[in-house]
Amino acid sequence: MVNHEKNKYKVRFLSKEIEDFVKYLGVEKNYASNTILSYERDLIKFSNFLDKKKVNDLIVIDSEVINLFVMELRHGNTSGKSLKRYLSSIRVFFNFLIENNQVKINPALSVKTPKIDKVLPKTIDFDDLNKMMTITSSKYKEIRSVLMIELLYSCGLRVSELVGINLTDFDMSEGFVKVIGKGGKARFSPMGKTTTSVLKDYIKQRPVCSSEALFLNKKNTRVSTRTVQNVVKRRALEVGLSINVHPHMLRHAAATHFLQSSHDLRTVQEFLGHKSIKSTQVYTHLDFLELSKVYDEFHPRAKK
């Protein structure tokens, strides 16, 4: 059970409504603890704002009041992404109040969602990636590290997908691995010959135990996402890279390199397991940035 007491020390107005809402999210919607805490923190901040403005009646809360709240957050240098989350929390909260006949309309629906500045994902050059994926010994630790990186990059995996892979998820003859993506949706990702070769070398040295997990920790149980993050970071340092490399950067690199070669956004969408094409379209911006770099370097009309 999530402990919400630490968040209640300032709240006066809406404390009962927020408490009921939090219980609803946990019991009826079965939301994760972190998601519930996020909603609660947002609504407590909104409630404290209302207290400060001496608003103490649900009927008084209209779009203008919510806009003032958003303006205050913006003046406090709250990011566009966070502003969007605050508005979403308030909208969902008022929908809950409507369902419980406490209000008749949702004032947050008419508040315009602020634009979010797109932050392009960081990627990594293939030459640097190749250094990380080059095996220089027959040691189990190195082969394990390289296989993690091979799968993250070659299959474009999320770190959570990598951690969830079992030995039985591979089809060696066809060169595919089954991964479980967001929402428990399964997809089959192709593996190259090099990845398959490293996989076979790894399995030969993998400790024999009852766990079905592909990657094991020292206790011969499934590794955590934090372990994979540390392995990738350590491997980058071992091969002399000065940049901070993390697992998601390898997924971004896979998508970018795939798109640059294929120019097929729909296939890249399937490859990454994106539900919406909008999530994949960010890589068209990366592709354009790469084109701009080449233009600036080689085109006669470019500004040198």
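Given the criteria touching a Pro at 6+ places or on another chain (Cβ under 7 Å) and polar (S, T, N, Q), does Gln205 qualify? Spelling it out, it is not the case that Gln205 is touching a Pro at 6+ places or on another chain (Cβ under 7 Å) and polar (S, T, N, Q). Condition check for Val198 on (1) open to solvent by 60 Å² or more (accessible area, probe 1.4 Å); (2) at pLDDT 95 or above; (3) in contact with an Asp or Glu (Cβ under 7 Å, 6 or more places away or on another chain): one failure, at (1).
Being open to solvent by less than 20 Å² (accessible area, probe 1.4 Å) and either of a type outside the set (Val, Ile, Thr) or in contact with a strand residue (DSSP E or B) (Cβ under 8 Å, 6 or more places away or on another chain) (or both) is a property that Leu259 has. Go through segment 169-214 and count every residue that is touching a helix residue (DSSP H, G or I) at 6+ places or on another chain (Cβ under 7 Å) and acidic (Asp, Glu). Residues in segment 169-214 being touching a helix residue (DSSP H, G or I) at 6+ places or on another chain (Cβ under 7 Å) and acidic (Asp, Glu): 2 in total. Of all residues in segment 31-42, none that is at positive phi and touching a residue at least 40 places away in the same chain (Cβ under 8 Å) has its Cβ atom under 9 Å from the Cβ atom of a residue that is surrounded by 18 or more Cβ atoms within 10 Å (Cβ to Cβ) and in a helix (DSSP H, G or I), 6 or more apart or on another chain.
Looking only at segment 168-184, which residues are of a type outside the set (D, E, K, R) and over 25 Å from the mean Cα position of the chain (by Cα)? Once the filter is applied, which keeps residues that are of a type outside the set (D, E, K, R) and over 25 Å from the mean Cα position of the chain (by Cα), segment 168-184 yields Thr168, Met172, Ser173, Gly175.
Scanning segment 187-238 for residues that are part of a helix (DSSP H, G or I) and over 19 Å from Gly156 (Cα atoms) returns Lys200, Asp201, Tyr202, Ile203, Lys204, Gln205, Arg234, Leu237, Glu238. Reported count of residues in segment 49-80, each being outside any helix (DSSP H, G or I), β-branched (Val, Ile, Thr) and under 18 Å from Phe13 (Cβ atoms), is 2. Annotation note: Cβ proximity below 7 Å between a residue of segment 142-166 that is within 19 Å of Ala236 (Cβ to Cβ) and a residue that is acidic (Asp, Glu) and open to solvent by 10 Å² or more (accessible area, probe 1.4 Å) (sequence gap 6+ or interchain) occurs for Ile143/Asp201. Evaluate segment 108-127: report whether one residue or more is on the phi > 0 side of the Ramachandran plot and at pLDDT 85 or above. No, every residue in segment 108-127 fails to be on the phi > 0 side of the Ramachandran plot and at pLDDT 85 or above.
The values are calculated or read from the model by the stated rules, or taken from the named source; none is laboratory data. None of these values were measured; they are calculated from a predicted model. FYI the Cβ positions are ideal-geometry reconstructions off the backbone, even for glycines, and counts take in every protein chain you see. Each accessible area value is taken on the protein alone, full model and side chains, heavy atoms only, with ligands, DNA and RNA left out. Shrake-Rupley method; radii C 1.70, N 1.55, O 1.52, S 1.80 Å.
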